[in-house]
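Only one structure is covered here, and it is reproduced in the block below.
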Amino acid sequence: MRSMNDLGRRLAATGAALLVLGACADSVTEAPARVAAAAAAAVEDVSVEALPSVNFRSLIDTITNGVIADSTNQYDIPSINAVSAFRQAVDSVLAGRWVGADRQLDFYGYDVYRIRESVSGDTMIIFRERVNATTGRVPRGWGTYAYNPRHVRRTDIEVNHPVSDQHTEDIGAELYRDCRCRWFAMAGAERDANHTDMSSDVAHYTGGPTVFNHVHMHLHFTEAHENARVLSLHGFLESRHASLPDSVDMVLSNGRSARSTVPVYGTSEPVLRTRLRNGGWEAGLFNVDAGYNELGGDNLQGRWDNNNLGFGHWMHIEIERNVREDPTRWRAMNTIIRQWILDFPT
């Protein structure tokens, strides 16, 4: 099934191409590439008012219902060609060619389309895998990605373990929308979907490529000069971590690198910890605050950023279940984090 605006978009593409061809009929020297480029430009110049109004949080909830479930072994490890196609599609979107990105990923069962976010009013570009009509789930599980061309901070929100870390997808979707952040990335399978080899755990799998990790690396390689930051959201259960303080709510960390096996914090991370504590949360920095020597983030994405960009571009936020299950509490947490993003770009 194609995306909601696919038919109209493709009809528009045909019409635009015919108009351009008609205008160039008298010119035998007109290059086909120029004709195609003009047609694509015409298609992509669509007014915001014509876009479907969609609540991003609701969209993510719908998509989450179709992610590949634990212990099914249905997650598909992508090929090098597939991850290359996603990198090229990201480049197309950054260059304003979202229709081109849609064409690039059609072979892999993805739609790339635009929405008008109903709460913020921002235009967002969505990368979404098409659901199998029979199973109600996605066939590959390579993740969902969103881009806000009008982002106010070069901050990306990542959800590595949707459903597995319950409600992190909800928290991340609202934080992304409300902070008007740059990119949103959510894995397309539960952490243990391929439980025999753990290839579905995009935070830690090193046995082959993942689209999630390659999109992350590509964004931060091509735009490192822009001082981008990533917040990676995760969930834990206090009862499984007895060494943490009683009533712990959050553990903050910024990963490791090839040069340092322990995190190296700058000036902004302690500020977030302090603001959360002042807001009534039991929060601490891993390996710094007394009792916070567990749950330090060691994601592939964090290691890559720390190795290539230095510490301070990636932060891991572990959120206890009692917070994740209470929308009033996690929205209050998001308010603090959102203001911190605005106050400390990196």
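Restriction of the GluC sites (Glu not before Pro) in the stretch 161-260 to DSSP coil positions whose beta-carbon has at most 15 other beta-carbons within 10 angstrom yields Glu223.
Under a 5 Å amide H cut-off, with hydrogens placed 1.01 Å from N, Val54 pairs with Arg116, Glu117, Ser118 among residues at least 5 apart or on other chains.
To check you understand DSSP bridge types, tell me what percent of the beta bridges within the stretch 52-343 (both residues inside) are antiparallel, rounded to 5. Present the calculation step by step, with values, prior to reporting the outcome.
On the way: 18 of 39 bridges.
Within the stretch 52-343, antiparallel bridges account for around 45 percent of the total.
For the stretch 219-346, the Stokes-Einstein estimate of translational diffusion at 37 °C and a viscosity of 0.692 mPa s comes to 220 µm²/s, using the Kirkwood hydrodynamic radius over alpha-carbon pairs.
Amide hydrogen proximity for His316: with H placed 1.01 Å from N in the peptide plane, the residues at 5 or more positions away or on another chain lying under 5 Å are Ser232, Ser253, Asn254, Gly255.
Within 10 Å of each candidate Cβ there may be at most 13 other Cβ atoms; applying that plus a DSSP loop requirement, which chymotrypsin sites (Phe, Trp or Tyr not before Pro) in the stretch 80-186 survive? Walk me through the numbers before you get to the answer.
Details: sites: Phe86, Trp98, Phe107, Tyr108, Tyr110, Tyr113, Phe127, Trp142, Tyr145, Tyr147, Tyr176, Trp183, Phe184; in loops: Phe107, Tyr108, Trp142.
Loop-located and lightly packed - Phe107.
Computed from the C-alpha gyration tensor, the three semi-axes of the ellipsoid equivalent to the stretch 52-343 are 28, 21, 19 Å, from longest to shortest.
Looking at the stretch 200-346, the DSSP beta bridges with both ends there are about 30 percent antiparallel.
Just so you know, all these numbers are worked out from the coordinates, no wet-lab data involved. All figures in this text were calculated on a predicted structure; none of them were measured in a lab. Counting neighbours? That spans all protein chains shown, and the Cβs are built from the backbone with ideal geometry, glycine included.
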